[in-house]
Amino acid sequence: MELKLVYRFLRQVSDWVVDNYYSEVVVEGEENVPIHGPIIIASTHHNEMIDIAALAAKLPHRRHLAFWAKASMFKNPLGRAVMTSSGAIPVRRNPNNAASADAKVKDGACIALSTEEELAARASLFRETTLVLKNDGVVGIFPEGTSCTGWRVFQTMPGAAWAALEYTRAIQGEEGAQGVKIVPVAITYTDKSKYLSRIHIRYGEPIRLDDYVDELMAKGTDPNVASKSVASKVTAEIEARLVQITVNAPDWEAICATKTATQILWTDEDRIPLGKWVDFNQRFVASLDGSLSGGDLSVKDRLCKYNALLHYSGIEHRDLASLLPSPTSTSVLAPATVSMLTRLPLAVFQFTLFFPSLLFVLPGYFTGPLAKKVGANIALLFGALWRFQDAGHYAGAWASHKLGRIARTLGLTYLGATLLMRWHNLLVKGNYKNLKLLRTYWKILRFSTSRSVALDASQLESYMKPPHPVVNPFIKSKYLSDLPSHPPHPPATSSKKLLAYLFDARRDAEAALGRHLDESTGNGGLRRVKEKAGEKGSVPPVGVDARTPQDVQEAVRFAKRYNLRVVVHNTGHDFLGRSTGRGGFLIWTHWMKDIAFQENFVAETDRVGKGVQAITLGAGVQWVEAYKAVHAKGRIVVGGVSIGGTVGAAGGWILGGGHSALSPAYGFGVDNVLEFKLVTADAKYLTVNAHNNPSLFWALKGGGGGTFGIVTSVTYRTHPNVPLIASFATTNFSTPEIAQKVATEFIRVHPALSDYHWGGYSLFSNHSFQMFQIVPNVSQVEAQKTVQPFFDFLTDTAGNATLSGLMEFPTFLDWINFIFGLTPGSQVGFGQEVSSRLLAKDTALRKPEETAKLLLSLPRGVSLNSVAGGASSLIDPSSSAFHPSWRRAIAEITISESWGDSDSTVENIHAAQLRLQATTRVLDTVTTDSAAYYNEATLHEDDFRKSFWGPHYRRLKEIKHQVDPDSLFVVPRGVGSEDWDDQLNCRK
């Protein structure tokens with residue numbers, strides 16, 4: 001793999017540019033960009049070099065992106081070296097354009113390239129593009145041909161289509177060659193040249209060139225004719241996809257009207273989810289056709305008039321609305337002054353904190369006038385260069401080694417610079433808003449204290465229309481045919497001459513917009529976009545704190561009587577949101593804490609069974625409580641683990657199947673449960689076991705919580721409390737090759753370890769490996785025989801930094817306390833979504849190297865939970881509703897995406913979910929039947945019925961209909977949930 005150091009450097013600069021000049025970048029559709037395989041990115045192009053920076057910085061999986069670049073950029077030796085090293089591919093402009101920068105120059109005059117030269121240039125372009133794609137690469141192309149400011153997709157050039165076709169022809173007959181996909185990309189800016197504005201990047205559904213192979217390679221057809229036909233179709237498909245995911249208006253005025261409507265509806269821009277922002281713009285543009293607001297002017301005209309006056313006054317609506325919440329043209333100074341004075345103390349305080357960092361970055365601000373002359377891209381470049389202060393990280397590390405006074409001084413200097421830069425970035429946004437408010441107030445003050453100067457009708461008219469952007473001469477489009485290449489602009493004028501008209505225009509625009517939203521019943525719910533911002537979360541507003549089974553029965557009767565959606569909540573450990581529900585009726589079982597130990601338990605109605613030592617746990621008992629109770633009796637029970645042991649022992653864990661580090665020795669939770677007691681949808685209190693309600697007993701063993709009834713207690717078989725041996729290993733990898741060797745060996749020996757009843761947990765990535773496992777009731781000598789060969793391999797391969805060994809624990813409780821602790825922590829929740837797949841024993845034996853390579857390719861590493869195989873694989877797969885693939889598995893693979901409180905926006909969470917979904921699909925290539933663990937899974941499974949239950953789902957659905965025909969109990973991705981809408985409030 002080529003290092004592409006220049007590209008990596010430029011991508012880092014792109015990260016700095018995008019992250020420092022823009023306040024937020026939201027990426028959607030990441031699942032449409034695979035981790036591997038040839039791809040052509042076909043993107044919209046509105047902002048010159050910034051589009052390239054945005055794509056390079058935000059391409060999913062950080063894949064290398066080779067852009068088509070203008071050939072003239074390769075003429076200078078230095079430029080050629082930079083472009084070549086970054087992976088750029090030279091492309092010529094239209095050779096028939098005599099003004100082209102790539103045309104030949106002879107005797108001071110430009111001449112067009114010859115046909116032969118043009119054909120050679122195209123052949124070279126497609127040859128280099130095909131080479132990149134064959135090497136599993138990504139090529140970036142802007143089908144519009146050039147950057148422009150406009151109101152729609154104006155043109156789509158066929159270059160991307162031809163590149164895909166040439167690659168497709170080149171790989172015909174090559175065994176194993178992958179077909180190329182064209183991924184349309186929409187880059188949308190809230191205001192591309194405005195500091196601290198935002199970017200929305202949406203990756204659309206890919207176009208598969210495999211779908212066109214038959215037509216392209218049809219026998220008896222002229223290859224040129226076939227290629228032209230397919231290129232035309234693919235180009236049309238690219239344009240259609242781009243139009244679908246971008247905002248396309250009939251004219252410039254519609255875009256201006258939509259922008260103004262957005263500012264009126266959301267006075268705080270940061271409150272608009274960017275995904276909703278694009279969606280709203282699309283629907284609002286569509287709603288403007290023929291819309292009337294009363295009188296002779298349409299709502300579009302009124303919004304455009306207000307937009308134009310804002311532009312020529314140098315004022316933003318959000319600043320005006322902050323100072324003057326009520327639109328008026330009289331007595332504006334007093335309310336504006338009160339508003340400004342109210343904000344002044346906080347603004348002064350913010351500026352005082354900001355001032356030291358402002359002095360530090362002042363040179364960057366002095367470049368502002370120059371940057372405006374040469375374009376916003378230069379301003380961004382200054383921001384990127386200033387970001388080099390982060391070199392303090394490296395200088396600080398250097399200084400920490402005490403290499404001398406100079407090193408320490410430089411390190412402290414750079415660390416100080418980094419701190420000041422981050423200080424600046426933290427406070428700049430609030431101070432920037434305050435500065436704009438102050439500027440707006442100054443204009444209002446000048447207007448209010450100056451003698452009124454009216455403009456006549458002819459003068460005023462030129463300020464009532466938004467200024468058109470300059471038409472790019474390289475774009476040939478029917479949408480631009482009637483526009484002048486350089487639209488006229490009115491002469492500059494003082495804002496105080498326009499403010500009186502601005503206030504009137506604001507009043508008219510807001511009134512017209514309000515009527516438009518009220519009257520537009522068929523516009524896809526424009527008003528709901530705004531109203532949803534005030535809705536509450538998913539915590540049910542009312543519920544019952546149930547302490548006894550009788551409490552649960554009364555709560556179920558109440559919910560059934562008033563047709564309420566029931567939400568059962570125990571400890572709240574749940575990745576799928578089954579213990580929450582917007583507008584639901586909560587039945588809380590957390591305080592049902594009864595614990596009873598039976599020396600000779602026989603299930604109810606079992607007349608011939610032999611008694612066993614068992615423990616019965618109330619619905620609210622947590623594993624830390626259960627483990628202590630059974631330990632006091634000299635026994636152990638198969639259960640779950642978590643920090644502090646706070647997972648419920650009689651709720652979702654067992655109803656979802658229940659895996660454990662003890663499963664290779666004693667089976668899963670469902671293999672150890674003896675009896676349930678529960679309240680059904682008709683409020684009956686039932687005892688359910690293998691002899692009493694056996695079908696329901698089967699369904700409860702892995703069919704999912706909150707679905708068949710409300711469990712009030714569970715009885716488990718217990719086992720002797722024997723000593724156990726724990727193994728541990730940890731190391732860091734110096735190279736990916738070492739990581740591959742260790743991961744391959746670990747997967748290869750895994751079946752033997754599980755057969756010997758080793759169970760536990762491991763984490764590995766390209767950088768590190770950690771493992772901690774246990775095996776009960778064996779001597780240390782016997783345990784060492786099974787695991788020492790792997791430890792020796794780990795040390796020989798990874799080096800002396802490896803730590804590994806065995807420890808003996810007298811009881812399972814001692815090991816739990818050592819690893820996870822028995823004291824619940826203060827954290828009650830965190831932002832994380834997980835997904836899982838099962839690793840089959842057969843896969844580990846046949847394909848250890850391939851499996852290891854795939855797992856190491858995942859960007860955030862994996863957890864390999866050794867919670868299957870051994871004794872659990874000897875049990876009949878049909879004995880419970882637990883997915884039958886568990887009986888062929890030796891481990892569960894889990895992956896996750898996380899977010900913190902500071903970045904828990906809808907956009908960030910959605911982006912994390914898309915990344916997780918894409919990674920899960922990668923796992924499907926080596927794992928068992930796409931099977932997942934229901935308790936550690938994502939809502940976004942492609943087929944949750946197949947992943948969670950497989951062939952057992954049909955029987956589960958039948959049992960669900962028998963015990964809950966009215967579907968009182970419905971949970972996300974639970975049995976029967978496919979019959980309901982996404983909110984689980986209405987049947988489909």
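The values are calculated or read from the model by the stated rules, or taken from the named source; none is laboratory data. Computed from a prediction, not measured in an experiment: that's the story for all the values here. Cβ coordinates were reconstructed from backbone atoms using ideal geometry, including for glycine residues, and neighbour counts include every protein chain displayed. The area values use the complete protein model at the heavy-atom level, side chains included, leaving out ligands, DNA and RNA. Shrake-Rupley method; radii C 1.70, N 1.55, O 1.52, S 1.80 Å.
Using DSSP, restrict attention to beta bridges with both residues in the chain and report what percent are antiparallel, rounded to the nearest 5. Roughly 75 percent of the DSSP beta bridges within the chain come out antiparallel. Normalising the Debye intensity of segment 609-768 to I(0), with uniform scatterers on Cα atoms only, and taking log10 at q = 0.12, 0.15, 0.17 Å⁻¹ returns -0.63, -0.86, -1.01. List the aspartates and glutamates whose Cα sits under 12 Å from the Cα of LYS847, skipping any in the same chain fewer than 8 residues away. Output for LYS847: GLU745. Residue ranking by accessible heavy-atom surface, 1.4 Å probe, largest first, among LYS192, LYS276, LYS960 comes out as LYS276, LYS192, LYS960. If you bin all the Cα-Cα distances of segment 747-795 at 5 Å, starting from zero, the percentages per bin are 5, 17, 31, 29, 13, 4, 2.
Note on surface exposure: GLU175, GLU116, GLU128 rank GLU175, GLU116, GLU128 by accessible area, highest first, 1.4 Å probe.
Here LYS628 is the anchor, and the lysines within straight C-alpha reach of less than 22 Å, apart from those fewer than 8 places off in the same chain, are LYS593. When the convex hull of its Cα atoms is viewed from all sides, the chain shows a mean projected area of 50.2 nm². Annotation: amide H of GLU808 within the under-5 Å range of ALA726, sequence separation 5 or more or interchain, hydrogens built in the peptide plane. By the compact-protein rule of thumb, 2.2 N^0.38 Å, the alpha-carbon radius of gyration of segment 882-988 corresponds to a ratio of 1.21. Over 21 Å apart at the Cα level, from the set LYS443/LYS497; LYS633/LYS701; LYS300/LYS436; LYS194/LYS259, are LYS633/LYS701; LYS300/LYS436. Accessible surface ranking for PHE284, PHE447, 1.4 angstrom probe, highest first: PHE447, PHE284. Spatial offset of segment 19-92 relative to segment 661-729 amounts to 54 Å, using the alpha carbon center of each. Rolling a 1.4 Å probe over the protein heavy atoms leaves MET157 with an accessible area of roughly 90 Å².
Once the Cα atoms of helix 5-21 and of the chain are each reduced to a long axis, what angle between those two axes, in degrees from 0 to 90 to the nearest 10, is obtained? Taking Cα atoms only, the helix is inclined about 80 degrees. Sorting the segments 696-704, 15-23 by their residues' average number of neighbouring beta-carbon atoms within 10 angstrom, most packed first, yields 696-704, 15-23. Take 254-265, 341-352 and order them by the average number of nearby Cβ atoms within 10 Å per residue, most first; the result is 254-265, 341-352. Ordering TRP980, THR927, PHE351 by Cα displacement along the dipole of the chain toward the positive end leaves PHE351 in first place; charges were set at the Cβ atoms of Lys, Arg (+1) and Asp, Glu (-1). Karplus-derived 3J(HN,Hα) values for segment 771-788, using 6.51 cos²θ - 1.76 cosθ + 1.60 with θ = phi - 60°, are 9, 9, 9, 9, 9, x, 6, 9, 7, 5, 5, 5, 5, 5, 4, 7, 10, 4 Hz; glycine and proline are entered as x. Expressed as a whole percent, how much of the Cα-Cα distance distribution for segment 163-248 exceeds 20 Å? I get 47 percent for the Cα pairs in segment 163-248 exceeding 20 Å. Pairs of Cα atoms nearer than 8 Å and 6+ residues apart set the relative contact order; for the chain it is 9 percent.
Around the amide H of SER197, modelled in the peptide plane, lie the amide H atoms of SER23, all under 5 Å away and 5 or more residues distant in sequence or on another chain. In the chain, helices alone account for a calculated mean residue ellipticity at 222 nm of -13500 deg cm²/dmol, with every DSSP H run of four or more residues adding -39,500 (n - 2.57).
For a protection proxy built on the mean count of beta-carbon atoms within 10 angstrom, sort 42-55, 633-646 highest first, please.
Packing order, densest peptide first, comes out as 42-55, 633-646.
Within segment 635-726, the proportion of Cα pairs with more than 15 Å between them is 59 percent.
Compute the Cα gyration tensor for segment 620-668, then decide on rounded, prolate or oblate, letting a ≥ b ≥ c be the square roots of its eigenvalues: rounded whenever a/c is under 1.5, prolate when a/b is larger than b/c in the other cases, and oblate in all that remain.
Verdict is oblate for segment 620-668.
Restricted to Cα atoms, segment 793-894 shows a radius of gyration and a Dmax of 17.4, 47 angstrom.
Annotation: amide H of ALA661 has no partner in the under-5 Å range at sequence separation 5 or more or interchain, hydrogens built in the peptide plane.
Using a probe of 1.4 Å on the protein chains alone, the accessible area found for ARG507 is around 90 Å². The translational diffusion coefficient of segment 818-977, from Stokes-Einstein at 4 °C and 1.567 mPa s with a Kirkwood hydrodynamic radius over alpha carbon pairs, comes to 74 µm²/s.
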